[in-house]
1. Ignore the peptide's own chain and count Cβ atoms of other chains within 10 Å of each Cβ in B:294-303; give me the average, rounded.
2. Quick check: from the Cα gyration tensor, does the range B:21-116 come out rounded (a/c under 1.5), prolate or oblate?
3. Taking square-rooted eigenvalues a ≥ b ≥ c of the alpha carbon gyration tensor, is the range B:687-762 rounded, prolate or oblate, where a/c under 1.5 means rounded and, failing that, a/b exceeding b/c means prolate?
4. Is the C-alpha gyration tensor of the range B:591-726 telling us rounded, prolate or oblate? Criteria: a/c under 1.5 is rounded; beyond that, a/b larger than b/c is prolate, otherwise oblate.
5. Once both axes come from the Cα atoms, what is the angle between helix B:187-206 and the longest principal axis of chain B, in degrees from 0 to 90, rounded to 10?
6. 7 Å from Cα along Cα→Cβ at both residue A:38 and residue B:417: what's the point-to-point distance in nm?
7. Please give the peptides B:690-696, A:29-35 ranked by average Cβ packing (other Cβ atoms within 10 Å per residue), highest first, as a rough proxy for protection.
8. For the Cα atoms of chain B, what angle does the longest principal axis make with the long axis of helix B:119-139, in degrees from 0 to 90, nearest 10?
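Read-outs throughout are calculated quantities, based only on the coordinates presented, and are distinct from any laboratory measurement. Computed from a predicted model, the values in this text were never measured in an experiment. Neighbour counts run over all protein chains shown; Cβ positions are idealised from the backbone, glycine included.
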């Protein structure tokens, strides 16, 4: 039965489903990025510039 | 740099605590001392330069072999087919590999504010990786190969790679993340995580084999599935070995060199997730117009085109990091290398999606265009970024001044000019090839029917490539000298700064924002709406970004789901696409001959895949069908045509012609650039080992009967028939002490005469060409039983799957 189900699947839809999956994931990421505060972004971006431990570290 | 000893008193301005820290908050915490392990970065940096020199010299040698095919006549270890994989493996895994390890070990420690978790694992990783490279350098020239591009190494070395990559490197890296002192995982670390996870998945699933000897195995996948798996791996090796780690490198070292933060951290987040989501789908674009199902090919194209956007997002982010600092580029060779490297990244990632478009791919595929594209990425992006990083690291790792900034600048100019001199002629060569292959006159005939004409016309371009390649090698030599001289001026003892800081609290209480915002706190609205507002601020996601295990799981899910989406249907092809009844397993001798074909790396020059295009079917014959390859472990479709396609080679030429062609290719075609394979005429075949091959093929689905117990005798009988035919046409009975029928050449000829003939055979029991699976194999005892089919004489009715 499983074989029949698998055979009956139209794999030409894979591209469209994959695209939809990506669009959803991408939209979520855009949203997450837009809600990131400027202060946090600036702080994260400057992490490589110092080799010493900076505090506070929980921001 | 911090001093070696730092005060623990937070009020002391010379101490380790910087502004923003409260003494009260730290008073009760346990202060730890730590230092960074730069010795491991030094080791990898030096290894990068040494292997970079070897890889580029190997490239120069194979470029020379194309224009001087007789350069190493008589030395089978130095043929193009065997050395080309050596060059690609050295460039990818030795040069780029050591380069990314140097970068990762240096930057991860600083980004995590922690020493690598285990010095022992770091050393095991270093020496294990170098041993693997040496093993590759020994086995590939010996013809020990799986013949899967960028995954040629045989199974024992593959096992070693898995242990070193995940067991030593991966464990050490992830434990360092867990034990870090910086709460937020900087985006470069995300790229490193994606690299380690995805390369592990790719490596394991692409290298599933059935071993039959210490250095011989058969892929568990066959034909279409094998091709799919190979290019799922192959494309993503480019994505996750040559792109994501270098992007991590860019996001760390470019801001360092420019001394300013990355242009847009938000863009870097989008860049990362888009790449990770999209890249893994793109592999099938390497198989356009092949026997791969249409849907998979379209999927690969769709996602490849989409890749252009995040890639350029990364390029823009890199270049704009230099905003306001462009004057530094004029004087700093490190930034020069980075600017050109990032620019080449942009060029390559524009060209890649373009080449994935089917109509463009129809022209470019199998030509030198692909070679030019690959080298613009490898030399321009990987090479220049690595050089820039190494020059930036040199004074820091050796704690002295760089020996010569002028020499570094000269290296930059030599390399840049060398790359351009390399790729421009090869682009021209690729376009020339593609256009000549498809050129047809007004009567519908090929304008250049003789394949060798298309090769002869581009030979001058190949000479220019040698010049460009030589310039690039000269640049690397200059760097070796510069590094060596810098190393000579190092201090007698390296200073090891010691930092002091408490560990991170086990659990981060950080959520951004954790509470309902002031604006709506007292507003008359549903509590659910307030909760939604809090959720939509995605503080939970910010939290994920600082949880390495959860983050790694997310990345793994992204690549695994995408892969399964393509792999599961592809693996069902055998039951979904009817196989061809007349396609039978190879005879024992043909199996042995096929292994010689694989071992000699013939796939590096000859494809075995005729695309359904008029010019191709005119030149080679009936286009290839998926059902023809069900016994091909591994597939041999190839990716380039320096010689003609062999998919319909069987029966095209006489046995003697093949014999002479292997002995001296120029004797049968004066303009041929094929090297001599005379050693196959002088080497005996070990008939007794054929039994193992037959059993392995049987285990993988080939239906054998008598062959399982009597393979050597059956093979000998067929060899005698082939040899008798050669002798009857005027060939030798023996060469020296070796009888003709005992030679490896005869086995290879048996295979070559079989290729592509099965679909023209007459079904014996069932006149329907379509079945649910392969019919019981009936191996012809007499090679004369194999029908001789000339190109273009295919019976359309025999197309069982079209």
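1. Per residue, the average neighbour count from other chains is 4.
2. prolate
3. Note, shape of the range B:687-762 comes out oblate.
4. Oblate.
5. Compared with the principal axis, the helix lies near 20 degrees.
6. 4.7 nm
7. So the peptides B:690-696, A:29-35, ranked by packing, come out B:690-696, A:29-35.
8. With both axes taken from Cα atoms, the answer is about 20 degrees.
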